[in-house]
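What follows is one structure encoded as structure tokens, with my remarks underneath.
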Amino acid sequence: MKNIWFLIVKFNAFFLFLLFFSISLILIVQNNGFQRSSSLNSTNYFVGKIYEQSSQWKDYLSLRSANEALAIENARLHAELQEFKNYYSTIDSTIIDSLGNPQYTFKAAKVINNSLHLKNNYLTIDKGSDHGIKKGMSVISPTGVVGIILNVSPKYSTIQSLLHTDTRISASLEHSQSFGSLVWGEGMNPQIAYLRDIPNHVEVKEGEKVTTSGYSIYPSGIDIGTVLGIEVGGGESFHDIKIKLSTDFYNLQFVYVVTHQYSEEKNVLESQNVQN
């Protein structure tokens, strides 16, 4: 306290100047309309800038929760879109059962690990058996196919990526609806795959869209990619079609695990064909 008093005494002229200067400014602003208006405008400008910066920081800090909310909303919209597409693409059946339940549901999950440049690549997500995830479920992104659930723990799951030498997906061409088997391409390029088993009499166009056929664990019509080029292979009986994948594996943050409500019933029925 004694040091503060000495400081005030030593610099008393400076403090008196600040006091009188502040009083004079207040009197000028209060008694002159132009100065008062200018002062308010300047104050509003600086306060507005502070609020703007504060809002931007709040928005940045809330991006994680916002992204999670958007992923959940996208999962709901995926389910509704699948219902709509199937309703108008079938004559005597829809994917809504007699109780009004959807055939496919989509659960959002965050990618917490992802490999790209190995011979066999995997992803890890933050959802597991506690969230209804099971081995064998298909996984998609907002832009296309991702892979298949491989292993599950209560809180996490691993995905066998589309970028895996053992991954096979039934895919069809947009124009002819001919379907074949999609496999990851040679060269370990995360953006390239090959569509095989398409007969060479089928007309294939560069830029043509490739989607899931619906004959595997994926719903039909999920984007896979577009045709980059066509080669003839397999004894010149089948095309070897180069595909540019629509999923950006470099920037995967959220994915959707697809639940087929009647997959077990379908698998049991189809297993009887083998037994017979």
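The values are calculated or read from the model by the stated rules, or taken from the named source; none is laboratory data. All of these numbers come straight from a predicted model, not from anything done at the bench. Please note: Cβ atoms are built from the backbone with ideal geometry, for glycine as well, and neighbour counts cover all protein chains shown.
Show me the strands (runs of 3 or more DSSP E) entirely contained within the stretch 142-211 in which 3 or more residues are in the same structural domain as Thr226 (by TED's automatic domain parsing), more than 23 Å from the chain's Cα centre (by Cα) and farther than 19 Å from Ala108 by Cβ.
179-184, 192-199
Please enumerate the residues belonging to the stretch 85-123 that are part of a loop (DSSP other than H, G, I, E, B), at pLDDT below 50 and in contact with a Pro (Cβ under 9 Å, 6 or more places away or on another chain). First the steps, then the outcome.
The first filter runs over the stretch 85-123 and keeps only residues part of a loop (DSSP other than H, G, I, E, B), leaving 90-95, 97-101, 103, 115-119.
From what's left, at pLDDT below 50: 90-95, 97-99.
Across the stretch 85-123, the qualifying residue is only Ile95.
What pairs come out if I take residues in the stretch 255-276 that are of a type in the set (Phe, Trp, Tyr) and pair them with residues that are at pLDDT 75 or above and part of a strand (DSSP E or B) whose C-beta lies under 6 Å away, six or more apart or interchain?
Within 6 Å, the pairs are Tyr256/Phe106; Tyr256/Ala108; Tyr256/Ile140.
Of everything in the stretch 145-196, what is closer than 15 Å to Ser220 by Cα and among the aliphatic types (A, V, I, L, M)? Give them in sequence order.
Those that are closer than 15 Å to Ser220 by Cα and among the aliphatic types (A, V, I, L, M): Val145, Val146, Ile169, Ala171, Leu173, Leu182.
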